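Take a look at the structure set out below.
The values are calculated or read from the model by the stated rules, or taken from the named source; none is laboratory data. Note that the structure is predicted; figures quoted are calculated from it, not measured. Because the Cβ atoms are built from the backbone with ideal geometry, glycine has one as well, and the counts that use them run over all protein chains shown. Heavy atoms of the whole protein, side chains included, go into the accessibility calculation; ligands, DNA and RNA do not. Shrake-Rupley method; radii C 1.70, N 1.55, O 1.52, S 1.80 Å.
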Amino acid sequence: QLVESGGGSVQAGGSLKISCAASGRPFPFSISAMGWFRPAPGTPREFVASIRPSGSSTVYADSVKGRFTISRDNAKNTVYLQMNSLKPEDTAVYLCAADFTGIGATYRYAYTYWGQGTQVTVSS
């Protein structure tokens, strides 16, 4: 399973780092691309960022580019999302997901395994 943690409340301009750990029966974490998504108007899961298995390639939504950084530690089966310069519009439940093809696509249908999410609230 995928378990997110690290969410919380922060003021606009602040920072937060959330994590997603894979656990349970053998999970192909080291060969999976990992993504972060959040709900948005018109879609239950808007793409935020993704990272390929080796960590050498990352993709970001335009709305978070330059502010968010995705990273991973394959030894710990964990993916991270460092969020800086947070804005009230970043408020959402952030969900991590695994793309077993290893591509790290920007659309939610490419991801086959999802966590339950962690709440991030940004106040103005």
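Shown in residue order for the range 109-124 are the 3J(HN,Hα) couplings computed by the Karplus curve 6.51 cos²θ - 1.76 cosθ + 1.60 at θ = phi - 60°: 5, 7, 9, 10, 9, 10, x, 8, x, 9, 7, 10, 10, 10, 9, 8 Hz (x for Gly and Pro). Seen from Val93, the other residues with C-beta closer than 13 Å to its C-beta sum to a net charge of -1, counting Lys and Arg as +1 and Asp and Glu as -1. Peptides 99-105, 38-44, ordered by how many other C-beta atoms sit within 10 Å of their residues on average, highest first, read 99-105, 38-44. Accessible area per residue for the chain, computed on protein heavy atoms with a 1.4 Å probe, is 50 Å². Summarising the overall dimensions of the range 1-62 from its C-alpha atoms, the Rg and Dmax are 13.6, 39 angstrom. Taking only the Cα atoms of the chain, the radius of gyration and Dmax are 13.3, 42 Å. Where the accessible area of the range 1-91 is counted over protein heavy atoms with a 1.4 Å probe, how much of it, in %, is carbon and sulfur? Taking all protein chains in place, the range 1-91 shows 49 percent carbon and sulfur surface.
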